[in-house]
Structures are given as structure tokens and as C-alpha cells.
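Remarks on the structure that follows.
The values are calculated or read from the model by the stated rules, or taken from the named source; none is laboratory data. All figures in this text were calculated on a predicted structure; none of them were measured in a lab. Quick reminder, even Gly has a Cβ in these numbers, built from the backbone with ideal geometry, and neighbours come from all protein chains shown. Accessible surface areas use protein heavy atoms only, side chains included; no ligands, DNA or RNA. Shrake-Rupley method; radii C 1.70, N 1.55, O 1.52, S 1.80 Å.
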Amino acid sequence: MAMVSPLSFSVTRSDPRLVVPAKPTRRELKQLSDIDDQGGLRFQAFMLFFYRNSPLMDGKDPVKVIREALAKALVYYYPFAGRLVEGSNRKLLVDCTGEGVLFIEADADTTLEHLGDAIQPLCPCFEELLYDVPGSGEILGCPLLLIQVTRLRCGGFVLALRLNHTMSDSPGLVQFLNAVSEMARGADVPSVLPVWERELLNARNPPRITCMHHEYEEVHDTKGTLGVMDDHNTVHRSFFFGPKEIRALRKQIPQTLGPCSTFEALTACVWRCRTVAFGVDPDETVRVSCLMNVRGKRGLQLPSGYYGNAFAYPAAVTKAGELCKNPLGYAVKLLKKAKAELSEEYIRSVADFMVIKGRPSYTRTGNFIISDNTRVGFQEIDFGWGKPLYGGLAKAMSIISFCLRFRNSKGEEGVVVPICLPLPVMERFGQEVKRMIAEEVASKL
């Protein structure tokens, strides 16, 4: 199930250039919300999109088409062309300078066929497909987007990008990319007009913490088994769960728990297998935090077009021993309970928590964060060449992972979950996932 595809190719790049809005835009300062402005979102997120050649676009250069469409879209999404600054109490604001986003034109001596199974998250040559422009990756005072479009010998192309996560979440980024794609296909105005209104997710006055937030608790690894990681001592692998594997997991979950989503089944599996693989002391507390979109949540009244971060990640918490010795349904029950905590009051309490506690990051020790990106819309973004072979997040990050729809090389539709772990733990994790699925399959024979 682990997907690994080593390969190499060379890329020729032009010098990075700034793409500015196609028309003059307003110079102003715009505050981010207190949900945007949490320590745990002060990082860069990476995306990858692989596109086939299309006879309908014969003679058209994807670099030129996307670059020009980007400039047009930035007229509406002009805050992306600005730079972040920090105010009092570490409050982030966008200085809408109109300086632009970084754009790189590139050519690669490879084809989609040659890339094969590398067309997935954790593409082994990602650094070639998105050049890390020196000095451009800081949170403050740097471009908020970096985009590289790489032409392939087969006529296809790859779009890779880096996003300052404080600006948008996945649905917000998809909304922006849809605007770019609509401009690329000839539209003059985006079908969904952007809405800033970040004050809708600001702290109350006075702020008050009214809910328990296990996802932000300070935890110390007193026994040295909780798997504290950084991004420098880890390996990355993607795990594909097709229909057979998902059925095997679902069969282990009691019907008394009610309907169980694929995301809940996979999250329970990965959380449990990850905890076993780390060999966590049975008495240590472990948690999993599920990213949950709050658009449409009653009481918040976020308008259509809102493209800021609009999520919370309530945590399920238990002792490692209980998680590992109990059937999979135990983890699913905890997940459902944590997800049920999300409400208008919960998200208001998170915003207040940020202001009162000084904008802390999420818990890192003994925590695992995962989001469901299967319905966000990455796979629908069409610049004129059709839908991408793969579109979505490019890699996991230490304790952060995600679920994405994926079709493997056998043509099977399923879900891919990229994982980041220390090498010995990764090997045990893979074995544990196989064992969990194989035991269920064997029990039915």
C-alpha cells in the first residue's frame, strides 16, 4: 500500500518574477482574523497539480495563459499581492502594496508517463517543480504566493505553489484558483466574488474561553515515548486505501456507532497504527485533531466568497494503552465525540483563546492532525486543459496529514494519505496498517 517512486529529471527555470494585479488596486491595511492569526498557521503550505496535454489548447502556452489569468484574478484578490506585517499583540495585517506574487516559468525533460506513480503527494522531485526562491519564504514581508508552471515534453504541465497559510485554508485557496482558472478560460469576472470580512472570526470583546481546547494544551513528553518530531529526521510516504482496504476497516466498526464516514474510519486507523508504531507508553495521553470546516455553521454567518481560514480542530483524547488495546470502534467513538463539540460557541472560544493566550500553536507532543480534503475541489480546477491527473496538497508535515481522492496506477479509485514519520517508525506503521487490514480480510475467508 505504501507508494514510493524514485526518479529524476532536469528542469530549466527562468528567473522568478513578480506578477502584479492587471489593474491598479487599493493600498490599505487589512487585518487577518483571530482564526487566521494563530501560531500554528504561521507556515507555508504546498500544492501540486499535474495536467495532460489537450488538443483543444493546441498552440497555447500554459505559462502565458496562467500568468495572465493570475494577474487578472489578483485585481479581485489583491490582498494576495501584498505583504504581511505584525501589529500589537502579534496581530497580523496585510499591507496591500500590490507588489505581486512570485511566478517561475520552467521546462522539464520528462513526461507524465515517465513520472508515473510520482503523480501523487510527496512527489520525489518536488523541489524541481517548485524552486525555493531564497529569501522568499518568511511569514512577514515576503510574497504570499509562489507559483511555478513547468512545461513537460509530452505537452502536459505541472503547476506547483506555496501559500502562506495565514491567508487562506484549502477551500479559500480553491476559490482563488477557480477564479484564476475562469480567467484563463476567458471570463472577465470570477463567478464567486471574494469577500474579506475577517472581523467575522475575531475574538469577542471582552474575550472569554468557554470551551475545553485539548488541541492547544501544553504537553511534556515525560517518558520520551510520545514521538516528538521535526521535519529533519523524518521520511515521507503515501498510503493508498482502495475500496477493499476501506471495506476491511468499516467492517471493524460496530453499527451501534451509527454511520461512519471514510474519513472517520481512515483517521481512526492511522491514529491507532501511528500510536502503536511509536511504542507510546500505555499511560501517556495521545490525541488526534480533526480539521473541520465551519463554513455554513449556524450562527457564524460566513458569506459566500469568504476565503480566510474557517476551521477548527477539536481533539479526541485518550490513554495510548486504551487506544491500542481496544478495537477500531473505540477510536471512531472518540472521533465522533470530538467532532460533535464543534459549534459557533466553540469557534468563538478558539478566537478568544488566541487573544488571551498570545496566539499559541497547536499541541505537538503526542498529537496528530489530519484534514479531509476529498471534497474541497482541488481535482476540479481546470485552466483549459481539463481536470488535473492529481491536484492537491503536496506533502505531509511532521504531525500534520490529510486525505485526498486518488486514482492509483491500477486505475483504482480511493483515498491517499501522506504520512511523515521517522524511518523506523514508518516501517512499523506500514506493517501495522497491513496487519489491521489483512486480519479483517483473513477473518472473512
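Every residue, every condition in (1) out of contact with any strand residue (DSSP E or B) (no Cβ under 8 Å at 6 or more places or on another chain); (2) hydrophobic (A, V, I, L, M, F, W, C); (3) more than 22 Å from PHE406 (Cα to Cα); (4) touching a residue at least 60 places away in the same chain (Cβ under 8 Å), yes or no:
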residue: PHE241; (1), (2), (3), (4): no, yes, no, yes
residue: THR262; (1), (2), (3), (4): no, no, no, yes
residue: VAL270; (1), (2), (3), (4): no, yes, no, yes
residue: VAL280; (1), (2), (3), (4): no, yes, yes, yes
Any hit, the stretch 42-54, residues being within 25 Å of LEU389 (Cβ to Cβ), assigned to a loop (DSSP other than H, G, I, E, B) and over 25 Å from the mean Cα position of the chain (by Cα) = yes
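What strands (runs of 3 or more DSSP E), lying completely within the stretch 80-126, carry at least 1 residues that are small (Gly, Ala, Ser)?
Values: elements: 83-86, 92-95, 101-108.
Because the criterion is at least 1 residues that are small (Gly, Ala, Ser), the strands (runs of 3 or more DSSP E) in the stretch 80-126 that meet it are 101-108.
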message = Take the conditions modelled with pLDDT of 95 or more, open to solvent by 20 Å² or more (accessible area, probe 1.4 Å) and under 24 Å from PHE103 (Cβ atoms) and apply them to ALA187. Does it pass?
response = yes
remark   = For the stretch 137-169 the number of residues that are in contact with a Ser or Thr (Cβ under 7 Å, 6 or more places away or on another chain) and not in a loop (DSSP other than H, G, I, E, B) is 3
query = Consider ARG428 against the criteria (1) in contact with a helix residue (DSSP H, G or I) (Cβ under 7 Å, 6 or more places away or on another chain); (2) modelled with pLDDT of 95 or more; (3) open to solvent by less than 10 Å² (accessible area, probe 1.4 Å): it satisfies all of them except one. Which criterion is unmet?
reply = (3)
task = Could you figure out which of (1) assigned to a loop (DSSP other than H, G, I, E, B); (2) in contact with a Cys (Cβ under 8 Å, 6 or more places away or on another chain); (3) open to solvent by less than 60 Å² (accessible area, probe 1.4 Å) isn't true of SER33?
result = (2)
query = Under the condition of being charged (D, E, K, R) and in a helix (DSSP H, G or I), which residue from the stretch 245-292 is most open to solvent (accessible area, probe 1.4 Å)?
reply = ARG247
request  = Name the single residue, out of those in the stretch 90-109 being among the hydrophobic types (A, V, I, L, M, F, W, C) and surrounded by fewer than 20 Cβ atoms within 10 Å (Cβ to Cβ), that is nearest to GLN148 (Cα to Cα).
outcome  = CYS96
query = Which residue pairs have Cβ atoms under 6 Å apart, sit 6 or more places apart or on different chains, and have a first residue in the stretch 41-62 that is within 12 Å of PHE157 (Cα to Cα) and in contact (Cβ under 8 Å) with a residue 60 or more places away in the chain and a second that is small (Gly, Ala, Ser) and part of a loop (DSSP other than H, G, I, E, B)?
reply = LEU48/ALA394; TYR51/GLY156; ARG52/GLY156; ASN53/GLY155; ASN53/GLY156; SER54/GLY386
key: Breaking point among (1) among the β-branched types (Val, Ile, Thr); (2) under 30 Å from LEU112 (Cβ atoms); (3) touching a strand residue (DSSP E or B) at 6+ places or on another chain (Cβ under 7 Å), for VAL376   = (3)
